[in-house]
1. With a 1.4 Å probe and all protein chains left in place, how much of the accessible area of the chain comes from carbon and sulfur atoms, in whole percent?
2. Once phi is turned into ³J(HN,Hα) by the Karplus curve 6.51 cos²θ - 1.76 cosθ + 1.60 with θ = phi - 60°, what whole-Hz value does each residue of segment 243-254 show in order, with x for glycine and proline?
3. Could you work out Rg/(2.2 N^0.38 Å) for segment 638-771, with Rg from alpha carbons only?
4. Nearest 0.05, what FRET efficiency do Glu130 and Gln307 give at R0 = 56 Å with Cβ-Cβ as r?
5. For the chain, what is Rg from Cα atoms divided by 2.2 N^0.38 Å, rounded to two decimals?
6. In the structure shown, do any of Lys29/Lys758; Lys140/Lys308; Lys358/Lys424 have a Cα-Cα gap over 24 Å, and if so which?
7. With a cut-off of 8 Å between alpha carbons and a minimum separation of six or more residues, what is the relative contact order of segment 606-669 in percent?
8. Can you list the lysines whose alpha carbon is less than 16 Å from that of Lys204, not counting same-chain residues fewer than 8 positions off?
Amino acid sequence: MKPITIAIALGVLFSLPSLAAEPARDDLKLWYAQPAPLAKDWTYPKNPLEQTKAWLEALPVGSGRLGAMVFGGAAEERIQFNEDTLWAGKPHDYVREGAGEHLPFIRQQAFANLKEDTQEAEALNKLIKEKFLSNPVRQKAYQPFGDIRLTFPGHEDFSNYRRELDLDSAIARTTYKVGDVTYTREVFASYPDDVIVVRITAEKPGKVNFTLKLDSPHERHETKVVGNDTISLSGQVIDRVPKDEPGTRFESRIRVVNDGGSVSTSGDAITVENADAATLLLVAATSFVNFQDVSGDPAARSQAYMQKLGDKAYDALKQEHVADHQRLFRRVSFDLGRTDRADLPTDERLKHVIESSKSIAGGNKDKPKPDALPREGLDADPALAALYFQYGRYMLIGSSRPGTQAANLQGVWNELLNPPWESKYTTNINFEMNYWPAEVTNLSELHEPMFAMIDDLRVSGARTAKKMYDSRGWVLHHNTDLWRGTAPINNIDGLWPTGAAWLSHHLWERYLFTRDKEFLAIRAYPAMKEASQFFVDFLIKDPTTRYLVTNPSHSPEHAAPGRALISYGPTMDNQLIRSLLSYTIEASEILGVDSDFAQKLADIRKQLPPNQIGRHGQLQEWIQDLDEPDNNHRHMSPLWGLYPGWDITPADTKVFDAAKVLLKWRGDGSTGWSFGWRIPLWARAYDGEYAYRQLHLQLAKRTLPNLFDLCGPFQADGNFGATGGIAEMLLQSHLRPTENRDLHEIHLLPALPSAWPKGSINGLRARGGFEVNMTWDGGELTKATITSQLGNPCRLRLGDKTVDLKTEKGKSYTFDAQLARSNQQ
């Protein structure tokens with residue numbers, strides 16, 4: 001199935017540049033007074049949980065397909081690069097032969113509610129692991145490609161050092177002085193020209209001297225000269241499981257264009273002598289064609305990429321790159337004010353937050369008061385919160401563009417052959433979290449790679465649905481990879497069959513933000529309909545409650561106390577399926593198709609378990625009331641219906657309050673992404689103080705010097721999740737009156753924390769086709785401007801005040817602190 005490219009044009013149509021005020025550009029930079037600590041005896045790391053310290057301080061650039069980490073060394077520079085289709089493995093159907101034969105017995109045992117540590121539970125676990133999970137039991141890993149190694153003779157002693165990452169231009173820059181000469185290097189990854197560009201200059205002529213080599217952690221690789229100014233790096237990924245199986249082939253080429261002086265090649269190196277400046281052009285390709293075809297020729301592709309560049313000058317490459325990046329990045333500006341802290345290097349700013357937060361106790365026995373946050377921490381540097389928000393947008397631009405692979409667990413940046421959790425796509429939270437900023441922060445077209453992946457998963461997921469469950473439609477469990485594995489992997493907690501429902505939520509979100517019926521008809525509805533078909537066939541009646549439930553399943557990634565690992569009908573599943581069926585029913589009505597099927601879905605929806613309130617007043621996680629109070633597990637699975645879904649709203653006061661009880665029990669986050677999920681959850685509970693607490697602690701406890709997020713090792717999802725969460729603190733638009741489903745409620749400043757008494761944000765998007773600009777002072781809205789992209793009606797909310805607004809396409813409407821119209825355009 002070929003991806004449909006209509007969404008690319010659609011994203012451009014509904015993502016026109018905002019008229020937002022220009023942000024303070026100097027506050028959109030990460031900068032440091034020293035290089036990332038690249039050791040001279042450096043070797044490629046082997047332990048996936050021990051990424052090199054230098055890599056975790058390097059600065060990322062990306063074009064969606066290509067990514068690079070820039071270290072900023074003086075005498076020795078390393079630029080580690082990736083290409084998004086270089087993975088271990090090859091086209092493969094992960095379904096274990098004969099797995100479906102064991103489904104009836106597994107279901108029977110799940111309904112028996114087996115206790116943990118019993119012979120029956122152990123026998124069931126053994127059966128699932130050996131007969132039902134995927135083959136092999138783990139999926140494949142995203143791979144590093146290689147390194148540019150630069151050596152600058154005589155640059156060991158340097159001064160006036162600075163390295164920075166400019167989020168506004170997407171350029172990493174290193175400057176320092178050797179003697180009386182200032183040297184500058186600029187690095188960027190260009191989406192328009194599909195190239196990583198390095199520019200090396202000196203302020204005096206004839207002073208640029210260096211040697212360049214390419215290197216790779218892959219055992220099967222070689223470098224060679226392919227021209228007077230070009231060398232290549234080629235090789236093949238070797239998969240250790242099964243043992244030493246050859247996989248994807250790859251090649252990169254780097255060409256040096258010198259201004260003055262000389263360039264020469266010798267062996268596997270390029271040497272530049274006495275130049276005024278030099279431009280390095282790196283291209284890369286693999287043999288990957290699609291998830292079922294790896295017959296491409298990486299050498300021919302690399303050559304074609306290089307030929308396409310032609311003799312384009314550096315200034316033209318840079319100008320096109322910056323214009324392309326700013327077309328996306330500048331759609332949103334965010335200002336929370338600044339203090340003198342904003343003038344410090346980024347790592348020093350982060351250290352202040354870390355030091356100030358060391359006294360904060362974790363846990364969840366008694367939810368700490370907001371003033372437990374030290375006011376000398378993030379409160380003293382509000383511009384850091386704004387920078388962190390924009391950094392998430394920057395990372396999404398750098399790792400997800402139309403035509404590329406979707407952003408994985410590490411975006412597009414990885415240096416390890418065996419990265420944590422294979423750096424793939426964990427679909428029970430992490431992959432979806434990557435795309436929380438896409439629509440609301442005005443980056444709609446960056447959602448496209450996820451939709452292209454869904455097109456693939458409909459194919460592989462249909463095979464899995466048929467073979468494992470004898471069901472129509474498509475199924476996705478809790479992980480996938482480049483080869484679009486959809487069978488359950490890793491362990492019993494991989495038996496979670498609801499991933500397709502969550503991905504369908506993103507399709508519906510795109511429709512709600514854009515209201516584009518062509519996208520709905522061609523792209524979203526077919527995938528949602530097929531996902532619904534799976535549950536029509538898969539759901540089974542619980543003999544105790546008589547509800548239709550998923551079986552087998554699991555509440556990610558949390559085992560019910562005292563029970564066997566396998567489960568059925570967990571609350572998250574019910575929320576996801578109820579939402580999926582509702583989206584599909586509404587879409588069929590909008591499109592005027594499949595009325596009989598929609599009625600069938602409506603009948604099934606009535607038979608799903610409702611959100612249940614347990615004996616402690618909590619939202620239940622499982623179909624039985626098994627929750628233990630104050631369990632601060634990292635996963636917030638049963639709260640999916642609060643965020644990112646809207647299965648739980650204030651309209652049902654009892655369930656809404658029960659969800660807040662469970663949210664309180666979960667306490668502070670632990671992993672970076674779990675802090676990131678708690679931010680929007682507290683925002684949906686209209687509690688800005690605790691949403692802010694999670695952001696503060698994420699920066700203090702789970703953020704690296706380069707502002708990358710830590711799960712344990714680096715994971716990009718926490719960055720993306722925090723950005724989406726901050727947006728949710730400032731703007732919500734998920735609620736719709738039941739009497740008028742076309743009327744979106746645009747809730748202004750629903751969870752503004754006291755730490756941000758004054759600020760502005762311009763360019764956020766609201767469902768229904770609106771762009772929103774806001775300013776506030778003293779913790780109160782001062783002005784809001786709503787621009788209607790489509791001419792739909794909306795309801796504005798500010799606290800308890802509401803105003804219904806009829807709009808005209810292309811017009812803007814400005815309101816004051818009382819939601820009174822202050823002008824009409």
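1. Values: 13570 of 28170 Å².
That fraction is 48 percent.
2. 4, 6, 8, x, x, 4, 8, 8, 8, 10, 9, 10
3. Working: Rg = 15.1 Å, N = 134, 2.2 N^0.38 = 14.1 Å.
That ratio works out to 1.07.
4. Numbers: r = 52 Å, r/R0 = 0.93.
The pair Glu130/Gln307 has a calculated efficiency of 0.60.
5. Numbers: Rg = 26.5 Å, N = 825, 2.2 N^0.38 = 28.2 Å.
Rounded to two decimals, the normalised Rg is 0.94.
6. Values: Lys29/Lys758 22 Å; Lys140/Lys308 32 Å; Lys358/Lys424 32 Å.
In this structure, Lys140/Lys308; Lys358/Lys424 exceed 24 Å between Cα atoms.
7. Working: 65 pairs, mean separation 24.4, N = 64.
RCO, segment 606-669: 38 percent.
8. Within the straight-line limit of under 16 Å, Lys204 reaches these lysines: Lys177.
The values are calculated or read from the model by the stated rules, or taken from the named source; none is laboratory data. If you're wondering where the values come from, they're calculated on a predicted model, not measured in any experiment. Note that we place each Cβ from the backbone using ideal geometry, even for glycine, and neighbour counts take in every protein chain shown. Note: accessible area is taken over every heavy atom of the protein model, side chains too, but ligands, DNA and RNA are not part of it. Shrake-Rupley method; radii C 1.70, N 1.55, O 1.52, S 1.80 Å.
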